[in-house]
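These notes concern the structure reproduced below.
Derivation of every value follows stated rules applied to the coordinates shown; laboratory data play no part. In this text, all values refer to a predicted model and were calculated from it rather than measured experimentally. Note: ideal-geometry Cβ built from the backbone for every residue, glycine included; neighbour counts use all protein chains shown.
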Amino acid sequence: MKSKITRPESLKNVETHYCAGCGHGIVHRLIAEVVDELGIRERVVGVAPVGCAVLAYDYFNFDVSEAAHGRAPAVATGMKRARPDLIVFAYQGDGDLAAIGTAEIIHAANRGEGITVIFVNNGVYGMTGGQMAPTTMIGQKTETSPRGRIAESEGNPIRVAELLTQFDGVKFVERCTVSKPHNVLKARAAIKAALQIQVEGKGFGFVEILSPCPTYWGLQPRVAMKMIDERMTEVFPLGRYKNVYAQAAAR
Amino acid sequence: MGRVQQERLIIAGFGGQGIMFMGKLLCCAGMLEGRHVTYMPSYGAEVRGGTAYCNVIVSDEEIPSPVVAEPTAAIIMNTPSLIKFEPMLAKKGLIIINSALVDRPAKRRDVEPIHIPATNIADRLGNTRVANMVALGAFLAKRDVVQMQTALAAVEEMLPPYRRHLVEINRQALGEGKSFVESRSADAIWGKITRGFGFG
Amino acid sequence: MAKKSLMCGNEALSEAAIEAGCRCYFGYPITPQNEVTSYMSRRMPEVNGQFVQSESELAAINMVFGAAVVGARAITSSSSPGISLMQEGISYLAGCELPAVIVNIMRGGPGLGNIGPSQADYFQATRGGGHGDYRTIVLAPSSVQELVDHVFLAFDLADKYRNPVMILGDGVLGQMVEPVEIAGRHVARRQAKEWALTGCRGRAPNKVRSLILGENELLEHNRRLQEKYRQIEEGEMRSEAVEAGDAELLLVAYGTPSRTCRAALREFRQRRYRVGLFRPVTLWPFPSAALASAAKDARAVLVVEMSAGQLIEDVRLSLAGRAVPIDLLGKPGGEVLQGAEVDAAIEKAISMHGLKRR
């Protein structure tokens with residue numbers, strides 16, 4: 001029997017360094033598939049974050065730059081402003097985007113930069129060893145919230161999709177997850193829509209993807225996926241928060 | 001009146017009096033005459049609400065620092081500027097004082113003051129905002145830093161197209177300032193002569 | 001000859017960047033360089049360029065990074081506190097070997113300091129400033145015309161060596177107005193940038209990174225950087241010596257204080273004292289050999305700077321092993337150096353070191 005699944009051209013034929021059960025590999029593949037499908041591999045430029053996905057430039061088979069921690073939206077802004085013909089996306093984790101880089105993401109979104117931001121939210125710092133993230137859930141134990149996150153002293157998880165939806169410059173926002181096959185397909189569609197908007201020159205697109213970190217959640221991969229559906233989506237509701245073109249069409 | 005080798009000038013007043021314009025104009029005129037020029041505005045907090053001033057140097061030689069420490073001349077458009085800059089003036093320095101807005105004469109005896117009601121003269125011309133040009137005219141009458149006609153050429157160069165209609169009143173204002181000083185010096189000489197021929 | 005116009009340093013450097021083919025400016029307002037941001041906001045759209053008033057200097061330098069990565073000429077400008085914020089980005093630019101031009105119109109520090117002219121960021125500019133073993137080419141103009149010419153030079157050097165270049169001026173240089181000539185003065189020497197991320201059409205994908213984890217790989221990367229820095233030291237040292245040949249007292253100053261020193265030199269020469277001036281034009285690479293040769297017959301050296309003793313360290317390093325005394329006239333705190341102070345320091349040096357009239 002012939003395999004139906006082939007490697008997208010936009011993904012290099014290398015093993016990744018991601019832990020077993022990590023969501024990054026799935027998200028990488030989805031991006032690669034969409035880039036192939038849109039036929040933009042030769043004009044796409046990615047921006048890799050500081051965090052677990054820092055080595056994304058070794059996995060994507062197109063041009064990728066690193067960015068300093070949290071600054072990916074500013075770097076992407078510079079790229080897109082200098083070369084509007086390129087398709088520019090930033091790939092960011094929760095520490096990168098929602099802690100150290102809040103200023104950059106908010107202002108890039110508010111300016112309505114014509115870029116796409118893929119935000120992988122797994123509620124924990126992976127690269128540095130499992131510390132608390134701005135999106136860590138209340139009660140969740142991490143390396144730096146050993147008693148579980150306490151709202152009174154550590155604040156509540158930041159809902160970035162909701163936060164960015166309010167900016168007029170933002171044209172597309174969806175929160176999705178890779179917990180189950182049908183969710184993966186939805187995530188793929190969201191990534192495609194967000195990139196499509198950029199290809200059409202329509203503005204800023206944002207996709208938040210809830211993703212598992214079995215290693216620092218201390219769970220089996222399968223249990224971690226269940227955790228997303230049962231607990232994480234309560235704090236971070238899935239859905240398409242904004243799609244101004246669909247709204248315009250509906251009216 | 002010999003050509004001034006190096007004039008280090010401070011022009012001071014409050015915002016809206018055209019202080020910076022005066023400075024740039026002089027600088028531009030100096031450039032048109034092929035001399036070395038620098039202009040340095042006051043910048044920052046003091047610009048807002050307080051004294052606005054600028055430094056202009058016109059020189060036959062390369063100019064060291066554009067910042068004027070010991071001015072050879074000053075054009076003073078309001079009282080706070082007189083208080084601030086009179087003490088800094090070099091000995092025998094020229095100080096043009098807009099007597100319409102400055103409430104006291106110069107105190108120092110080792111400087112040369114010209115008290116000219118620049119704002120009143122400008123009002124008489126029909127535009128209070130050319131008081132700066134009246135004062136500049138007075139200055140140029142005393143100091144041959146640049147020629148009056150070069151100053152006029154600079155006015156034409158610096159006014160944007162939509163302000164071209166103001167060239168004429170600027171020219172008048174420069175002229176009024178100049179004749180004010182010239183008539184005063186005539187008076188002064190006449191005064192001396194009368195005293196000389198008097199009963200003393 | 002093109003017509004000269006009157007411009008302040010900040011405006012002139014902006015127009016020079018455009019003349020040099022730069023179409024990307026990213027910056028955040030800070031005194032005393034605000035004329036750059038306002039000039040660029042007006043001018044860039046006229047030449048189909050990009051102006052972004054960024055949310056911070058952090059963002060500005062990273063926008064510069066982004067524009068540089070895709071092969072564009074990009075510039076940012078700021079003043080001392082803002083340049084501190086940019087240090088992270090400058091380190092990344094150096095690590096990733098990206099060309100960019102950064103202008104620092106220095107003001108008094110530390111902290112928020114004041115807005116007066118200063119040279120107190122000399123260490124920060126010449127020693128790297130950010131983290132890691134790297135160097136930034138540092139140009140130190142002393143007039144508005146030289147500032148313009150240095151903008152051209154900065155873009156060319158940045159492209160040639162794939163390295164950030166900083167133009168270090170003080171508040172006076174940014175604010176002062178002088179006659180200046182810009183159009184037609186720059187001879188473009190644009191280089192192909194095969195390394196840039198321009199989309200991987202017809203080639204293998206490019207990547208730009210400074211994270212280098214393989215065993216000894218970062219060591220090799222650093223050795224290569226150091227080799228590049230040696231090449232820059234060999235090829236790009238610039239300086240000016242004024243009447244240094246027979247000087248018994250050699251003044252050393254850069255930027256606007258060098259102008260004050262030049263005037264003092266003239267005065268003391270008229271009084272038949274053998275005073276000379278050495279002006280480093282590149283602060284990194286520091287023109288050590290040229291300084292040593294200018295100071296050949298000097299019986300004393302007087303370093304004049306608008307900081308508390310930073311330039312003097314490079315002077316000491318350059319003259320190491322020489323018995324010549326090195327004095328300092330340092331004026332920190334964002335206050336303008338006055339001619340009278342330089343004169344007094346020279347008088348003092350003359351009497352202290354027993355220098356005679358010719």
Between the alpha carbon centres of the range A:217-244 and the range A:43-76 the gap in Å comes to 24 Å
Most exposed first, judged by fewest Cβ atoms within 10 angstrom, C:L302, C:L225 run C:L225, C:L302
Mean-square fluctuation maximum in Gaussian network of chain A, Cα pairs under 10 Å, restricted to A:I138, A:I197, A:I228, hits A:I138
Taking the protein assembly as shown and counting helices only, DSSP H stretches of n ≥ 4 at -39,500 (n - 2.57) each over all residues, the nearest-500 ellipticity at 222 nm comes to -12000 deg cm²/dmol
Amide H contacts under 5 Å for C:N114, restricted to residues at least 5 apart in sequence or on another chain and with H modeled in the peptide plane, are C:G108, C:G109
A correct Stokes-Einstein calculation for the range A:177-251, using the alpha-carbon Kirkwood radius, 4 °C and 1.567 mPa s, returns a whole-number D in µm² s⁻¹ of 94 µm²/s
Nearest 10, in degrees from 0 to 90: the angle of helix C:144-161 to the longest Cα principal axis of chain C is 50 degrees
So, over other residues within a Cβ distance under 14 Å of C:I212, counting Lys, Arg +1 and Asp, Glu -1, the net charge is -3
In vacuo Debye sum over C-alpha of the range C:130-288, base-10 log of normalised intensity I(q)/I(0) at q = 0.13, 0.14, 0.20 Å⁻¹, listed in q order, is -0.79, -0.88, -1.31
Of the residues C:A192, C:A59, C:I137, the Cα lying farthest along the dipole of the range C:40-194 towards its positive end, which is defined by charges on the beta carbon of Lys, Arg, Asp and Glu, belongs to C:A192
Taking alpha-carbon centroids only, the range A:151-198 lies from the range C:234-288 a number of Å equal to 61 Å
The range A:1-140: relative contact order from alpha carbon pairs under 8 Å, six or more residues apart, as a whole percent, is 20 percent
Whole-Å distance linking the alpha carbon centroid of the range A:83-144 with that of the range C:304-358 is 51 Å
The ratio Rg/Rh over the Cα atoms of the protein assembly as shown, Rh being the Kirkwood inverse mean 1/r radius, stands at 1.08
In whole Hz, the Karplus estimates of ³J(HN,Hα) for the range C:311-317 (6.51, -1.76, 1.60; θ = phi - 60°; x where Gly or Pro) are 3, 4, 5, 5, 5, 4, 4
Connecting every pair of Cα atoms under 10 Å apart in chain A and solving the GNM, the largest mean-square fluctuation among A:E42, A:E174, A:E33 falls on A:E42
Here the alpha-carbon Rg of the range B:28-137 over 2.2 N^0.38 Å rounds to 1.11
Taking a ≥ b ≥ c as the square roots of the eigenvalues of the Cα gyration tensor, with a/c under 1.5 meaning rounded and otherwise prolate when a/b exceeds b/c and oblate if not, chain B is rounded
Between the Cα axis of helix C:339-352 and the main Cα principal axis of chain C, the angle (0 to 90°, nearest 10) is 50 degrees
Karplus ³J(HN,Hα) for the range A:145-157 (6.51 cos²θ - 1.76 cosθ + 1.60, θ = phi - 60°; Hz, whole; x = Gly/Pro) runs 10, x, 9, x, 4, 10, 4, 4, 10, 10, x, 9, x
Checked against the positive end of the charge dipole of the range C:228-297 (+1 on Cβ of Lys and Arg, -1 on Cβ of Asp and Glu, about the Cα centre), the farthest of C:A263, C:V252, C:A294 is C:A263
In nm², the average projected area of the convex hull spanned by the Cα atoms of the range A:1-104 is 7.3 nm²
Links exceeding 31 Å between C-alpha atoms in this model, out of C:K3/C:K228; B:K84/C:K331; A:K202/C:K193; A:K80/C:K3; A:K4/A:K242; A:K80/C:K160, come to C:K3/C:K228; A:K80/C:K3; A:K4/A:K242
The answer for the net charge of residues other than A:Y125 whose Cβ lies under 9 angstrom from its Cβ, with Lys and Arg +1 and Asp and Glu -1, is -2
The long-range amide H neighbours of C:L197, using H built 1.01 Å from N in the peptide plane and a cut-off of under 5 Å, are C:V70, C:G71
Chain C, Gaussian network, Cα under 10 Å: of C:Y39, C:Y25, C:Y254, the residue fluctuating most is C:Y39
Classified through the alpha carbon gyration tensor (a ≥ b ≥ c as square roots of its eigenvalues; rounded if a/c is under 1.5, else prolate when a/b is larger than b/c, else oblate), the range C:1-142 comes out oblate
Under the rule rounded for a/c under 1.5, else prolate if a/b exceeds b/c, else oblate, using alpha carbon gyration tensor axes a ≥ b ≥ c, the range C:73-195 is classed as oblate
Counting only residues 5 or more apart in sequence or on a different chain, those whose built amide H sits under 5 Å from that of C:V303 are C:V252, C:D327, C:L328, C:L329
Residue-ordered couplings for the range B:92-98, obtained by feeding phi - 60° into the Karplus form 6.51 cos²θ - 1.76 cosθ + 1.60 and rounding to whole Hz (Gly and Pro as x), are 6, x, 9, 10, 8, 10, 6
Longest principal axis of chain C (C-alpha) makes with the long axis of helix C:80-96 (C-alpha) an angle, in degrees to the nearest 10, of 60 degrees
